[in-house]
Structures are given as structure tokens and as C-alpha cells.
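Shown next, in C-alpha cells, is the structure this report addresses.
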Amino acid sequence: DVYKRQALYEVVQALVEDGDEVVLLDPAWVSYEAMVKMAGGDLTRVDLSETDFQLEPALDALAAAVSDETELLVVNSPSNPTGAVYSDAALEGVRDLAVEHDITVISDEIYKEITYGVEPTSLGTLEGMADRTVTVNGFSKAYSMTGWRLGYFAGPEDLVDQAGKLHSHSVSSAVNFVQHAGLEALETEDAVTEMVAAFEERRDLVVDLLAEHDVDVAVPDGAFYMMLPVAEDDQAWCEGAIEDAHVATVPGSAFGTPGYARISYAASEERLEEGIERLAAEGYL
């Protein structure tokens with residue numbers, strides 16, 4: 001009865017001490033960095049922007065980044081902000097490095113149910129990973145329960161016990177009616193399938209609309225985000241886009257990847273078309 005953000009916070013607090021090294025794959029969800037810093041950890045980052053945000057071709061870079069001193073590696077597949085789904089070969093590479101260097105891995109799988117033609121592998125199911133993987137998921141994305149604060153994590157018993165101490169003295173538990181809502185959500189797979197099909201159509205629409213303006217993007221295989229290449233000063237680009245075109249985006253630098261803006265296609269086709277048209281009309285594409 002813990003939602004994703006709380007789960008991640010508790011796990012990081014339980015694992016990371018002052019000076020411990022934590023490795024992130026960039027672009028990375030913004031709260032990972034903040035949580036690590038709050039625990040006193042030191043960050044090492046691996047840039048995936050040169051490999052269309054995929055991990056498999058960047059495994060050598062990951063191998064160079066981790067060592068016996070690495071306490072924690074965070075993997076988010078499908079990814080926020082890129083929508084990338086990491087291949088089995090990529091996850092097996094993570095497994096090999098984690099076993100070699102005795103690294104605990106957080107597998108953030110909050111978008112696991114939202115994929116397009118690919119079947120994501122849960123990292124903790126790989127041989128050698130059950131005792132070193134913390135799997136995090138929740139109800140907010142797949143079941144449109146954002147704000148209900150219902151989720152879960154699974155991991156080694158000792159770690160769960162330690163994180164549970166933080167949990168019992170902070171949020172305690174999810175409210176009863178939300179737990180019942182979660183049970184109902186688990187029995188509505190048809191609704192999830194329908195939603196994912198709609199997201200896939202919207203993804204394809206946005207990719208095609210951008211292509212009409214000669215903008216190429218890495219096509220996401222999951223979640224409902226994509227990274228749009230923009231000007232070098234992505235912060236200024238995003239500020240201008242909302243001021244001039246009234247289109248809200250998030251600077252890639254917030255995720256550790258400057259030169260991009262994250263856009264979401266969790267909106268109607270009409271709104272997506274309007275947003276792209278506004279960006280183009282104001283000279284942002």
C-alpha cells in the first residue's frame with residue numbers, strides 16, 4: 001500500500017548512505033536525483049541520448065560507469081521521459097554487471113502495462129536478480145488512478161523490512177476505499193488494452209505530424225512521452241513554447257539531457273494536432 005514515489009524514497013533512504021554511489025541512466029525521471037541527494041549519495045550518470053535512448057548499445061558505457069563501489073543502479077523501463085523499452089539483451093547486461101559488482105538495482109516499472117508491440121521483461125525475473133532487485137510499480141498510469149496514491153514494491157526481505165520502518169512512521173497505509181479501487185482496477189484488463197491502443201494511435205499521429213515539419217524523433221515503445229530535439233538552450237525553448245504557442249513541455253535538462261524537450265501524448269488527437277500546429281506557427285519546429 002505504498003505508491004511509487006514513496007516506495008522509491010523509502011528504498012533509497014534504506015539503501016544509500018553518505019557518499020554511496022548511485023548510477024542513473026539519462027534521461028532520468030527528475031525525482032531520482034533529488035532522492036539520492038536527500039540520502040547523501042553521489043550520482044554517476046550514463047547518457048543514452050546518443051543511442052536513441054536505448055540501453056543495449058550503451059552497455060559498454062554503463063560497464064565503465066559502475067564498479068565495486070556502486071551501491072545502487074536505477075533502471076526505468078518503459079522510460080519516463082523517453083518511452084524507451086529496454087531489450088532483454090540490455091537487461092541481461094544489467095544483470096551481469098549487477099552480479100559482478102554486487103549492485104542492488106531498482107527496476108521502476110510504473111509504465112510496464114503501456115507498451116506498443118513489445119513485451120517488457122521484468123528485471124527481477126532474470127537469473128541472479130531476485131535477491132538484488134527492487135521492483136516498483138503502481139496503479140496511477142495503467143489504471144488512470146493518478147492521485148490515488150496506490151502502488152507497491154517488492155524486493156529482498158531485509159530491505160523491505162527496513163523500508164517498512166520508514167513507511168510505518170510516515171504514510172502508514174493507503175486509505176481503505178482506494179485499496180478496493182485497486183482490486184477493481186486489476187479486473188479491468190479490457191479497459192487497459194483499449195487505453196494502450198488509443199495511446200499507440202496518438203503516438204503515431206504525433207510522430208507523423210512532426211515528420212511533416214522535418215522533425216525526427218526516437219519512436220517510443222512504451223509510456224506516453226517522447227523526447228523532441230530542440231535548441232541547445234532547452235529551458236529557453238520550453239519557456240518560449242508556453243509563452244508564445246501556449247504549449248507546455250518539460251526541458252530535457254531536467255532529466256539530465258539538454259537539447260531536448262519532453263512532450264506527452266496523453267491528450268486527445270485534436271489537442272495534439274493543435275499543439276503541433278501552434279509550435280509550428282510560432283517557429284518552434
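The values are calculated or read from the model by the stated rules, or taken from the named source; none is laboratory data. Quick caveat: nothing in here was measured; it's all calculated off a predicted structure. Here the Cβ is made from the backbone with ideal geometry for all residues, glycine too, and neighbour counts use every protein chain on show. Keep in mind that these areas ignore ligands, DNA and RNA; they rest on the heavy atoms of the full protein, side chains included. Shrake-Rupley method; radii C 1.70, N 1.55, O 1.52, S 1.80 Å.
Would you mind stating whether residue 83 is part of a loop (DSSP other than H, G, I, E, B) and in contact with a Phe, Trp or Tyr (Cβ under 9 Å, 6 or more places away or on another chain)? So residue 83 passes the test.
Summed over the range 67-108, the residues that are closer than 24 Å to residue 204 by Cβ and under 13 Å from the mean Cα position of the chain (by Cα) give a count of 11. For the residues 77, 122, the requirement of being closer than 19 Å to residue 226 by Cα and either touching a Phe, Trp or Tyr at 6+ places or on another chain (Cβ under 7 Å) or in the same structural domain as residue 16 (by the TED database) (or both) singles out 77. Quick one: how many residues across the range 39-66 are free of Cβ contacts under 8 Å to residues at least 24 places away in the same chain, part of a helix (DSSP H, G or I) and not small (Gly, Ala, Ser)? Residues meeting the conditions: 4. Among residues of the range 67-95 that are closer than 15 Å to residue 130 by Cα, those with a Cβ under 6 angstrom from a residue that is open to solvent by 10 Å² or more (accessible area, probe 1.4 Å) and assigned to a loop (DSSP other than H, G, I, E, B), sequence gap 6+ or separate chain, pair up as 91/121; 95/126; 95/128. Does residue 36 meet the test of being assigned to a helix (DSSP H, G or I), touching a strand residue (DSSP E or B) at 6+ places or on another chain (Cβ under 6 Å) and open to solvent by less than 10 Å² (accessible area, probe 1.4 Å)? Yes: the conditions hold for residue 36. Filtered by the rule that a residue be open to solvent by less than 30 Å² (accessible area, probe 1.4 Å), of a type in the set (Val, Ile, Thr) and either in contact with a Lys or Arg (Cβ under 9 Å, 6 or more places away or on another chain) or free of Cβ contacts under 8 Å to residues at least 60 places away in the same chain (or both), the range 109-130 gives 110, 114.
If we scan the range 5-20, do we find a residue that is of a type in the set (Lys, Arg), at pLDDT below 95, assigned by the TED database to the domain that holds residue 138 and surrounded by 15 or more Cβ atoms within 10 Å (Cβ to Cβ)? The answer is yes; a qualifying residue exists.
Take residue 133 and tell me if it is open to solvent by less than 30 Å² (accessible area, probe 1.4 Å), in the same structural domain as residue 8 (by the TED database) and either among the acidic types (Asp, Glu) or under 20 Å from the mean Cα position of the chain (by Cα) (or both). Yes: the conditions hold for residue 133.
Per-residue answers, yes or no, for (1) modelled with pLDDT under 95; (2) on the phi < 0 side of the Ramachandran plot; (3) in the same structural domain as residue 60 (by the TED database):
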position	(1), (2), (3)
89	no, yes, yes
96	no, yes, yes
103	no, yes, yes
156	yes, yes, yes
159	yes, yes, yes
170	yes, yes, yes
173	yes, yes, yes
199	no, yes, no
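Across the range 196-205, a minimum of one residue is classified as among the basic types (Lys, Arg), touching a helix residue (DSSP H, G or I) at 6+ places or on another chain (Cβ under 8 Å) and either within 30 Å of residue 283 (Cβ to Cβ) or not in a loop (DSSP other than H, G, I, E, B) (or both).
Within the range 234-255, restricting attention to residues that are part of a helix (DSSP H, G or I) and in contact (Cβ under 8 Å) with a residue 60 or more places away in the chain, the residue that is farthest from residue 83 (Cα to Cα) is 254.
Looking at 210, 183, can you tell me which residue is open to solvent by 80 Å² or more (accessible area, probe 1.4 Å) and assigned to a helix (DSSP H, G or I)?
From the options 210, 183, the qualifying one is 183.
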